[in-house]
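The values are calculated or read from the model by the stated rules, or taken from the named source; none is laboratory data. In this text the structure is predicted, and so the values were computed from the model without any measurement. Cβ: placed from backbone, ideal geometry, glycine included. Neighbour counts: every protein chain shown. Quick note on the areas: whole protein, heavy atoms, side chains included, nothing else; ligands and nucleic acids left out. Shrake-Rupley method; radii C 1.70, N 1.55, O 1.52, S 1.80 Å.
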Amino acid sequence: MAEDGEAATTQALALLPDVLFLDIRMPGRSGLEVAEVVSDEWPEDRPAPLLVFITAHDEFAVSAFERAAVDYVLKPVTPERLAVTAARLRARLADRAPAGSGDAAAQVLQVQALAAGAPAPEPIRVIRAGVGNTVRMIAVADVICLEATDKYVNVVTAEGEALVRMSLRELATRIEGGDFVQVHRSLLVSSRHIVSATRDELGHCSLTVRGLRRPVKVSRAFAHLFRPM
C-alpha cells in the first residue's frame, strides 16, 4: 500500500513486486506516470512487473483497457471482477517475459496510445512560450525537442529555448503539425531533427539530433522505437 504516487514509485523500486495495482488518479503522480518511472528505472536483471490499472466510472477508460494488453479494475471493486483479474495475472505470470524484455513499458505505451483516442482539447499549431518578459511565437515545425522541467516544458529550437507553463503530457497531446518521438518520460524529440541512433556495447541507445550539441539518451522504455534504425 502507498499513500500517493511518489510513495508508490519508491516502494515499487525498493520491493520489486511481481504485480502493481495502480490507480489512474493519485496525488503526486498518476498511475501512468508511476508506471513510466518504474519501467524506466526497473533493474535489467529482473522480469518486468505486471500492471493492473484502477479507474473510476469512465466508459472510455474501461473500453480502452479492455482492448489493451493490461488489466483494469473498475471502482468500486467487486469480488467477481477481482477474481477475473487474479486469473489473468496467474496466466500471465505462468508465461512471464524474461528479464529486460520491457514488458511493463509496452503495457504503458499501449494504454497511452489508446488514451490518445479520447476527445482532445483544441490543437496547438503555434506554441506561445516565455523568454524573460517576452512571449515567443514558435511554430511547431521549428521545435527540436520538448523537455519537462518541474512545472514547465522547455521548448528548444535552433534560435534558443523558451518555457511553457504546461505539462509535457498535455502539450504532447495538443501540438499539431509536428512529428515527435518520446525518448524519455521527460523528453520528446522531433523526428525531423533526428540524424541517427547509436547503441553502445551495453545496449543503451542515444540519438544524434540536428540542432543539439549533446547526444540524447534514450531510456529503456522507448529504446525499441529505434531498433529498426
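Of the residues making up the range 57-102, those that are touching a Lys or Arg at 6+ places or on another chain (Cβ under 8 Å) and at pLDDT 75 or above are ASP71, VAL73, LEU74. Listed by first and then second residue, the pairs linking a residue in the range 198-225 that is on the phi < 0 side of the Ramachandran plot and assigned to a loop (DSSP other than H, G, I, E, B) to a residue that is open to solvent by less than 90 Å² (accessible area, probe 1.4 Å) and among the small types (Gly, Ala, Ser), with Cβ atoms under 8 Å apart and 6 or more places separating them unless they lie on different chains, are ASP200/SER206; HIS204/ALA223; PRO215/SER206.
Rundown of residues vs (1) under 24 Å from SER30 (Cα atoms); (2) of a type outside the set (Ser, Thr, Tyr); (3) modelled with pLDDT of 85 or more, yes/no style:
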{"position": "ALA141", "(1), (2), (3)": "no, yes, yes"}
{"position": "LEU146", "(1), (2), (3)": "yes, yes, yes"}
{"position": "TYR152", "(1), (2), (3)": "yes, no, yes"}
{"position": "LEU163", "(1), (2), (3)": "yes, yes, yes"}
{"position": "GLY177", "(1), (2), (3)": "no, yes, no"}
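Within the range 161-173, residues that are surrounded by fewer than 16 Cβ atoms within 10 Å (Cβ to Cβ) reach partners that are modelled with pLDDT of 85 or more with beta carbons closer than 7 Å, at six or more positions or on different chains, in the pairs GLU161/ASN154; GLU161/VAL155; ARG165/TYR152. Across the range 131-160, the qualifying residues are those that are closer than 16 Å to SER190 by Cβ and outside any strand (DSSP E or B), and the one among them that is least open to solvent (accessible area, probe 1.4 Å) is VAL140. Per this entry, GLU44 is counted among residues that are closer than 19 Å to HIS184 by Cβ and among the charged types (D, E, K, R). Inside the range 179-208, residues that are surrounded by fewer than 20 Cβ atoms within 10 Å (Cβ to Cβ) and more than 22 Å from VAL140 (Cα to Cα) make up a count of 9. Out of everything in the range 21-35 that is more than 18 Å from LYS151 (Cα to Cα) and open to solvent by less than 20 Å² (accessible area, probe 1.4 Å), what residue ends up being modelled with the highest pLDDT? My answer is LEU22. Filtered by the rule that a residue be touching a strand residue (DSSP E or B) at 6+ places or on another chain (Cβ under 9 Å), open to solvent by 70 Å² or more (accessible area, probe 1.4 Å) and farther than 24 Å from ALA35 by Cβ, the range 209-229 gives ARG210, PRO215, MET229.
Residue count for the range 124-150, restricted to those that are of a type in the set (Ser, Thr, Tyr) and more than 25 Å from GLU33 (Cβ to Cβ): 1. The one condition from (1) modelled with pLDDT of 80 or more; (2) open to solvent by 20 Å² or more (accessible area, probe 1.4 Å) that ALA106 does not meet is (1). When you look at GLU122, is it in contact (Cβ under 8 Å) with a residue 24 or more places away in the chain, more than 16 Å from the chain's Cα centre (by Cα) and open to solvent by 50 Å² or more (accessible area, probe 1.4 Å), yes or no? In short, yes.
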